[in-house]
Amino acid sequence: MERVRFAPSPTGHLHIGGARTALFNYLYAKRTGGKFIVRIEDTDLNRSTSESESAIIEGLKWFGINWDEGIEVGGPDEPYRSTERNHIYEPYVKKLLDEGKAYYCYCSEEEIEKERQESLSKGETYKYSGKCRNLTEEEKKELEAKGIKPVVRFRVPDDEPIIIDDVVRGKVEFNSNDIGDFIIVKSDGIPVYNFAVVIDDHLMKITTVIRGEEHLSNTPRQILIYKALGFDIPKFAHVSLILGKDRTKMSKRHGSTWVEQYRDAGYLPEALINFLALLGWSPEGDEEIFSLEELCEKFSLDRVVKNPAVFDIDKLNYINGIYIRKSSIDRMVDLCIPYLKNAGYITDEFAKENRDWITLLVSTFRERISYLSEIVNHVSILFNDEVKLEDEEAASVLKQEHVEGLLDELYDLVKVSDKLDNEIIQNIFKELKNRTGAKGKSLFMPVRVALTGQVHGAELVNIIELLGKDNVLKRIEYTKKNLL
RNA sequence: GGUUCUAUGGUCUAGUGGUUAGGACGCCGCCCUCUCACGGCGGUAACAGGGGUUCGAAUCCCCUUAGGACUACCA
C-alpha cells in the first residue's frame, strides 16, 4: 500500500506551492487507495511557531484535504511533530556514531564561515574540510572541557555515485565527492531536517516522497543516510516549482502567495484546488473543471510534468468565476455577507432580516465577479444616494430630448405602484414604452443612467428591484434636478 | 562559481519518430442583449538556436543559449 506524506515546517503560512504539494500527495493517496500522513517538521526552533502550524493545518482543512494519520488526528507513529520525536532520533545518531559513519565536530560557526568565504573567493565550491573527522578521545575531551558543544557530522563516503530514480524527473545522478560532511545534529542536540525526515519517513513507512523540486539537491544527502542506516529507500517524486510572472520562485513580490490571502479575497477552495491541480499536472481529455473527488479518480504521477509553471492569476480568476456561478446561491450569499459588511453596506442585523434582498443582490452580481470581494465594487451604485455620472457617454444619454418626459412618466408609474417586484417592473417598462413611444436602447439606457449614473451594468430590472420604490423615486428626483 | 533541473503560442498544457501540432486562459471578432458581464460561436498565436541519428524529427543524441533550484548548526 502506498503511504505518502506532507511534512511542512511551520515557519510561515501555507504557501501556494506547499498547498499544491499537499494536494498532489493527497490525490495520489486517494487514487492509489493509500494513506496520507501530515507531519510537522519543526526542527528549526528559531523559526517554527505554533501560529504557523495552525495556519497550515487550517489551510489544509479549508481545502477539504484531510489526512489519515498525523498531527491532530493521531496514528501509529505518534508524535507527529519532530521536536517531540527527539528520543526517537537519538538511537540512530548513536548507531551512526558507533559505526564511525558520523562524528563529532567542534569547529565553530565562525571558523566554518571563514573557510566558506575563502573557498568562495577562490571560486571553489565549499566543502567541509573534514578537520574533526579523526579526533582522538583525548582531543575530544579537551575540546569539550573548553565548553564547546559539538555538532554531529555525517561522514560522506568517497566517490560514490548516488542515483535518484525520480518518478517525475527520471534518473538524476550525483556524486558524493560534491558533498561535504554535513551536519545531522545541531549543537543544541536537535537533528537537522535532512536527518529527521529520513528517520521519520522510514519509521512512518513512507513509500513515495512527493515534494517540491527545491528538495532535489537535498536528496543525495538523505539517500546517504538511508544507506548508512540500512533503510529501504523510498521512491521520490520531485514536483517542479510554481513561479511568479518573472519566472522566479513565487514569493511576496509576486503578490499573494499564501492560500489565506486567496481565501480572504474570496477565492473558493474548490476553485483553487482545481487551478493548482492543473499546474504541473494535466488530465487526459480536454475537460479542465474538476471537483476534488473527480481529481482523486483522475490524478496520476505519470502525468505530472517536469517543467516549472508560472502562476497565472487570469486563469485562476476564470476558474473561480465558474465555481462562483455554479455554486448554490445560498452558499454564495453566506460567503458574500462578510464582504458587504466590511464595506459598511450592511450590518449583521440587516443581513438576518433581509436575506431575500441579499440573495437577489448576490445572484444579480455574481456573474460579473471572479472573486467574492469584488462584489463590493459592483454594488456600490446601490448605496450611494447621489447619482454620479460615470463619464461623458453617460451624460450624453441624459441629454437626449425625450429623457425628461420619460423620467416623469417613470416617476408616476413607480409612485402609483405599492411595491416593486420583477413582474411589476416589467409591466412598468411596458407601460412606459406605450406612453412615450421609446423602446429598446432609448427606453432602457436613460433609466439606467438616471438611476446608476453608468451606461453599463447588471440587469436593470434587478437593479430597480434592489433599489426599491423609495430610492428609485429619490434618484429620479435627484437626476432631474441635478443632471438634466 | 559549483552541483543539478528545465525548455511547445504571452500563460497552463496535449503530444513519446510520420498530426493541417490539439485543448484551456488571455486577447480580438460575431451572436445573445438596453449596456456591461455571463453564455455560445469563430479567430489570433508555439515546437529557443545549431549540429547530428533517421527515408522521416516537437519527439532520440550532442553543443549553445536562456531560465530555475540548491549551495546554512533553514526547510
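Annotations for the structure displayed:
- Projected-area mean, the range A:310-379, by convex hull of Cα positions, square nanometres: 4.6
- For chain A, radius of gyration divided by Kirkwood radius, i.e. Rg to Rh on alpha-carbons: 1.17
- Remark: the range A:433-441, residue by residue, has Karplus-estimated 3J(HN,Hα) of 5, 4, 6, 9, x, 6, 8, x, 4 Hz, where x stands for each Gly or Pro and the curve is 6.51 cos²θ - 1.76 cosθ + 1.60 at θ = phi - 60°.
- Gyration tensor (alpha-carbon) shape descriptor, the range A:400-484, a/c threshold 1.5: rounded
- Note on the range A:257-403: Kirkwood radius taken over Cα pairs, Stokes-Einstein applied at 4 °C and 1.567 mPa s, translational D equal to 72 µm² s⁻¹.
- Per-residue HN-Hα couplings for the range A:213-229 [Karplus 6.51, -1.76, 1.60; θ = phi - 60°; Hz; x = Gly/Pro]: 4, 4, 8, 4, 6, 7, 4, x, 4, 5, 5, 4, 5, 3, 5, 4, 8
- Amide H contacts of A:Phe236: A:Val167, A:Val209, each under 5 Å away and 5 or more positions distant or on a separate chain (H built 1.01 Å from N in the peptide plane; Pro and chain starts excluded).
- Fraction of alpha-carbon pairs over 21 Å apart in the range A:181-333 - percent: 59
- At R0 = 25 Å, FRET efficiency that the Cβ-Cβ distance of A:Ser328 and A:Glu349 yields, to 0.05: 0.55
- Gyration tensor verdict on the range A:290-350 (Cα atoms; rounded if a/c is under 1.5, prolate if a/b is larger than b/c, oblate otherwise): prolate
- Based on Cα contacts under 8 Å between residues 6+ apart, the range A:205-318 shows a relative contact order of 28 percent.
- Using a cutoff of 8 angstrom between alpha carbon atoms and counting only pairs six or more residues apart, the relative contact order for the range A:70-166 works out to 31 percent.
- Each Lys and Arg adds +1 at its Cβ and each Asp and Glu adds -1 at its Cβ; summed about the Cα centre, the range A:145-204 shows a dipole of about 440 debye.
- Normalised convex hull volume, the range A:161-250, alpha-carbon set, Å³ per residue: 128
- Chain A: relative contact order as a whole-number percent, Cα under 8 Å and 6+ apart: 12
- Our helix-only sum for chain A, with -39,500 (n - 2.57) per DSSP H run of n ≥ 4 divided by its residues, gives a mean residue ellipticity at 222 nm of -15000 deg cm²/dmol.
- Measuring from each cysteine beta-carbon in chain A, the ones with no other cysteine beta-carbon under 4.7 angstrom are A:Cys107, A:Cys296, A:Cys336.
- Axis of helix A:86-98 versus longest Cα principal axis of chain A: the two differ by about 30°, to the nearest ten degrees.
- Using a Förster distance of 51 Å, the FRET efficiency for A:Glu78-A:Asp264 (Cβ separation, nearest 0.05): 0.95
- Look at the dipole of chain A built from charges on Cβ: of A:Ser380, A:Ile464, A:Phe444, the Cα furthest out on the positive end belongs to A:Phe444.
- Of the peptides A:450-460, A:174-184, the order by per-residue mean of other Cβ atoms within 10 Å, starting with the highest, comes out as A:450-460, A:174-184.
- Computed on the Cα trace of the range A:1-139, the radius of gyration divided by the Kirkwood hydrodynamic radius gives Rg/Rh = 1.10.
Rule-based calculations on the coordinates, nothing more; no lab input. Remember, predicted model here, so these are calculated numbers, not experimental data. Note: ideal-geometry Cβ built from the backbone for every residue, glycine included; neighbour counts use all protein chains shown.
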